[in-house]
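The values are calculated or read from the model by the stated rules, or taken from the named source; none is laboratory data. Note that this is a predicted model, so its numbers are computed, not measured. Virtual Cβ from ideal backbone geometry, glycine too; neighbours counted across all protein chains shown. Ligands, DNA and RNA are excluded from the accessible area calculation, which covers all protein heavy atoms including side chains. Shrake-Rupley method; radii C 1.70, N 1.55, O 1.52, S 1.80 Å.
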Amino acid sequence: MTIPIASPAGSAPAAAEQSGIKPGQFQQVEFGPIKLLHATPMQVGEGPLWHPAQQVLYWVDIAGRALHQFDPASGQHQQWAMPSEPACLAWCADGLIVAQRSGFCHFNSHTGTLTDIAAAPYEQSKIRCNDGRCDAAGRFWVGTIYEPRDLPNAELLCLERGQLRQVRHGGSTVSNGLAFSIDQGTMFQADTTSHQIRRHRFDTASGTLGPAQLLRQYSTVKDQSYIGRPDGAAVDSEGAYWSAMFEGGRILRLSPDGEILQTLLLPVRCPTMIAFGGADLKTLYITSASQNRSNEELAQYPWSGCVLSVSVSVAGRAEFAYQS
């Protein structure tokens, strides 16, 4: 399959310079053919995480309440049932940290056992954990989704050495796309409902955030020019922000100032999140959703809900471990 790409002209803007990225550093990404990594559709595939020590890919099916593992070297797949909806993952020295609706727990992949760490501090009938990532200091940051979606009541949580704190309440409805700049001086975060990507100044030493600044606003009008709304994301080794566009059938690669650098068109309409993996971190893994999609859409996009992979010419970055 040949994947069309679009690469607007222009160099990386001022915020890129402030992050230590020189104008013109961004290169055009070359994409290989998109492959079907795991053919069984997820209801809501999410949270892909490449485990740098184990050299395997983990992801979750939120609605299916399952944790999955795939070993590209052997082709072996495993899955484990979860007690409540798992949303995102962090790796640690002796397993994984799983953020679920019910709270945070430790998962031992050798025994398949879960150990509770911290209970969810919100009303579970309306809110659940959604998207998250570890910073360089080993804190696990997780945004939530306010499921009624009628108010911007999502929260930002931080698990730091076994202690869970609520960092912010409100400002978004579906927190997504959480990622950090290369110098760790910026936290990126999307609100899928408002079609916005924002950035915050971030201090790694103290774990504090500055006010949200709008990075990019996408159109909410679902006409022929609609390109979706921002879901999960990751930052590559050049500092570019890759954003999965739900209902847009594409991945966008953005500069730190929100300029669209490249577009990767997909054979699924609803990508949910991405992760860089492989020994050289040049394999892009993509999760997607099939839940609540029409029969017509599923017929047009039969890989909906599956996990995809594609080789890229720009490496990602290894994820930081959670420090207990």
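Starting from the Kirkwood Rh over alpha-carbon pairs, what translational D in µm² s⁻¹ does the stretch 160-272 have by Stokes-Einstein at 25 °C and 0.890 mPa s?
The calculation lands on 168 µm²/s.
Would you mind pulling out the separation of the Cα centroids of the stretch 24-58 and the stretch 231-295, in Å?
9
Return the tail of the calculated pair distribution for the stretch 107-215, meaning the percent of Cα-Cα pairs more than 19 Å apart.
45
What distance in nm separates the simple spin-label points at residue 208 and residue 79, each placed 7 Å from Cα in the Cβ direction?
Simple spin-label model gives 4.5 nm for this pair.
When the chain is modelled as a GNM with alpha-carbon springs shorter than 10 Å, which of 289, 233, 299 fluctuates the most?
The residue with the greatest mean-square fluctuation here is 299.
Taking GluC sites (Glu not before Pro) as candidate sites, keep only those in a DSSP loop with at most 12 other Cβ atoms within 10 Å, then name the longest stretch of the chain containing none of them.
Longest gap between qualifying sites, sites excluded: 124-324.
Using DSSP to define loop residues, name the trypsin sites (Lys or Arg not before Pro) in the stretch 200-295 whose beta-carbon has at most 11 other beta-carbon atoms within 10 Å.
222
Give me the distance in nm between label points sitting 7 Å out from Cα along the Cα-to-Cβ direction at residue 28 and residue 124, one decimal.
Result: 5.2 nm between the two label points.
Hey, can you find the accessible area per residue of the stretch 237-284 for me, probe 1.4 Å, expressed in square angstrom?
On a per-residue basis, the stretch 237-284 sits at 20 Å².
Quote the relative contact order of the chain in percent (integer), defining contacts as alpha-carbon pairs under 8 Å separated by 6+ residues.
It rounds to 20 percent for the chain.
Can you tally the net charge around residue 260? Count Lys and Arg as +1, Asp and Glu as -1, for every other residue whose Cβ sits under 13 Å from the Cβ of residue 260.
Local charge sum for residue 260: +1.
Round to a whole number: what % of the accessible area of the stretch 193-232 belongs to carbon and sulfur, probe 1.4 Å?
C and S atoms contribute 49 percent here.
Give me the percent of Cα-Cα pairs in the stretch 224-324 that sit more than 17 Å apart, rounded to a whole number.
51
Compute the normalised compactness of the chain: alpha-carbon radius of gyration over 2.2 N^0.38 Å, N being the residue count.
Against the empirical 2.2 N^0.38 Å value, I get 0.91 for the chain.
What is the list of residues in the stretch 212-250 whose amide nitrogen lies under 15 Å from a point 7 angstrom out from the Cα of residue 313, following Cα to Cβ?
238
For residue 282, which aspartates and glutamates qualify as cross-link partners when the Cα separation must be under 18 Å and same-chain residues fewer than eight apart are set aside?
Qualifying aspartates and glutamates at Cα under 18 Å: 30, 71, 236, 238, 319.
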